[in-house]
Structures are given as C-alpha cells and as structure tokens.
Amino acid sequence: MHIAVTGANGFVGQALVARLRAETRLAGQAITRLTSLDTSFTSAPPAPFERQLTGSIAHAATVNAAFDDPVDVIFHLASIPGGAAEQDYELGRDVNVGGTTLLLEAGRAQVQRGGRAPVFVFASTIGVFASPLPPQVDDGTPAAPQMTYGAQKLVGEILVADFSRRGWVDGRSLRLPGVLARPPARTGQMSAFMSDMIRELGAGRPITLPVRPEASTWASSIVNVVDNLLHAATVPAASLPARRSVTLPTLHFSFAQLVDAIGAVRGEDVSALASWQPDARIEALFGSFPPITTDAADAAGFRNDGSLEALVRRSTQLG
C-alpha cells in the first residue's frame, strides 16, 4: 500500500505520519511506501519505507512526483489556514484551491492510466459554516463561510464530491473542529489561543484570553482527530452521505468549563490564572458555537473525545 500525506510537517500531519510509521499497516494492509509531502521538514527522520518530498502542492511537478508510484490513499492536510488565507488571498487560492485541484487531477490521471481510484481523505473545516451560527448545528445546516479559508475549503469539498461521482477518487471530506493543543508557533491561525490556554494553564502559568468565560466552542484532541482521519481512510463509501462530507463529532463546551477541566487534570484550581479580555471578532468566530449533532458521522463510526478531561489529557502530557 502506498500512502501519501500532504502537509506532513504540520501539526496534524506530524501526528498522523507518526502513527503510520508506528503502526506500519492500514486496514490490515502493510504500508510499503509512505510519501510525506511538505514545503520543508523539521520532524523526525523518515521511516525506512518513507520518502520526504519537499515542495508545494501548488506546483504540478511536486504533485506528479508524489504520484510517480500509484497512490492507494492520500491524506490531504496541506493548507494555508484561516488568518493567513485572509491576509494573502493569492497564496490561499493557489494552495487551498489550486493545490487541491492538482491532487484530484493526479487521481484522475491515475485512473485514466488504468489504475485504481485513490481514497482521498480531505481535511476540511467547520469554517464552512456561517457566523453567527444557528441555535443548533446538525447535518442539515447549510454552508455559508464568512472567511476566505472556509470558502476555499468548501470549494475543495465540492470538487472531492464531483471527482468521486465520476470515479476518479474515492473521496471523503472531514470538517475538522479546533484541534488541541497546537505547539507555540506562528501559523496564522486565529484560534491558536485555545492551544495556548491548555498549554499555559496546564503548566500553571497565567494567560489572558480573548473571549468571555461563558463563550462556547467546539474542539477535539489531536489524538482523536488522527483516529478519525485513519477511520476515514477505511470506512466504506456507502456509509457516507452522497456529498461525501461529514462534520466530525466533537465536544461543545464553554471556556470556563475548559479551565475547570485543565484544573482537574492538573490536580489544582487554575481559574485564578485566567484573565478575560474579550475581542468581539475572535469571540464571534471561535466563541459563539451552539450545540452540535453529527448523526451522519456518528453512524459512519467517527467519534469525539468522550469528555473534556479526556480531551485535555490527550492534547497534552498532563495527567
């Protein structure tokens, strides 16, 4: 089995690649080749069956090199995220739309050469929904993105569904919630304060948060997200909606509840370390999330972390 991972040096990509290296199998099949693709690599040295391919998915030569050996499964994680895509439209367009199109076209070319349609796991985003959100989000909630990143990801979902309809890929688009806890780095993601919150309070350090305590959000641990990505690669297409997109099950909680969960895992009350200085735009984007149901994803076997304390533990080395 040949697996390709775009964005392999990113936060989610590194965690996914580490799992693939460790498990060496997917759906009972041995991984004989793993192609990790990113613009640069700072992670662990590659496994014996892995090659690290340096380049941008916005360049056809890079994508073609990834498909020089028929690909069975591709995890497409590479993107220009929220704030960065908003500030640099051309870069976001070239990577988030252009790069996704090139990868899908590579799958099409593979089929036209007589090969199999690769399983195409596309990391989309809850950013495809409108802001403000309705009082309840479910599988019928329409997509109406309010940022360029969400719009570009929605375009990707539509393309994945169309290429799947035509038999050129076997696609499944996962709308990822916030993923915790990201390392401290300038990634352009406006939601980074949530990861900072777990890391700083978990270490007993004070932090000022750009939301109110009662503001609510959705989030999942990095472990849970990797579990769901791997599940996506093996779930039968018949278990998915016709549009091939599902919103991943996730936890809904207030930031005050997250503070309490961090304290419970740490073993001491950390609420006094949190200061609250709400930023209206950030809270509108990341702190006004209503209850959510994900019946289609639940039926297909996707799962959330189960509890907020489990999310904190799985997001960090605490507990």
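Read-outs: derived from the displayed coordinates by stated rules, not from any lab. Note that the coordinates shown come from a computational prediction; the quantities given were computed from them, not determined experimentally. Cβ placement follows ideal geometry from the backbone for every residue including glycine, while neighbour counts extend to all protein chains displayed.
Listed by position, the helices (runs of 4 or more DSSP H) enclosed by region 215-319 that each have at least 3 residues that are closer than 24 Å to residue 142 by Cβ and not β-branched (Val, Ile, Thr) are 280-286, 295-299.
From the list 298, 260, 269, the one residue that fits, being within 18 Å of the chain's Cα centre (by Cα) and among the acidic types (Asp, Glu), is 298. Among the residues of region 136-167, not one is part of a loop (DSSP other than H, G, I, E, B) and crowded, with 22+ Cβ neighbours inside 10 Å. Only residues that are hydrophobic (A, V, I, L, M, F, W, C), buried (at least 23 other Cβ atoms within 10 Å of the Cβ) and out of contact with any Asp or Glu (no Cβ under 9 Å at 6 or more places or on another chain) were counted across region 283-311, and they come to 2. If you go through region 48-90 and keep only what is aliphatic (A, V, I, L, M), touching a residue at least 24 places away in the same chain (Cβ under 8 Å) and in contact with a Ser or Thr (Cβ under 8 Å, 6 or more places away or on another chain), you end up with 57, 66, 71, 74, 77, 78, 84, 85.
This table checks each residue for (1) more than 19 Å from residue 162 (Cα to Cα); (2) β-branched (Val, Ile, Thr).
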| residue | (1), (2) |
| --- | --- |
| 74 | no, yes |
| 86 | yes, no |
| 92 | yes, no |
| 96 | no, no |
| 101 | no, yes |
| 113 | yes, no |
| 120 | no, no |
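Note on region 16-118: enclosed helices (runs of 4 or more DSSP H) holding 1 or more residues that are within 26 Å of residue 178 (Cβ to Cβ) are 82-87, 89-92, 100-112. Summed over region 203-221, the residues that are crowded, with 21+ Cβ neighbours inside 10 Å and in contact with a Leu (Cβ under 9 Å, 6 or more places away or on another chain) give a count of 5. Evaluate the following for residue 117: is it hydrophobic (A, V, I, L, M, F, W, C), surrounded by fewer than 23 Cβ atoms within 10 Å (Cβ to Cβ), out of contact with any helix residue (DSSP H, G or I) (no Cβ under 6 Å at 6 or more places or on another chain) and touching a residue at least 12 places away in the same chain (Cβ under 8 Å)? No.
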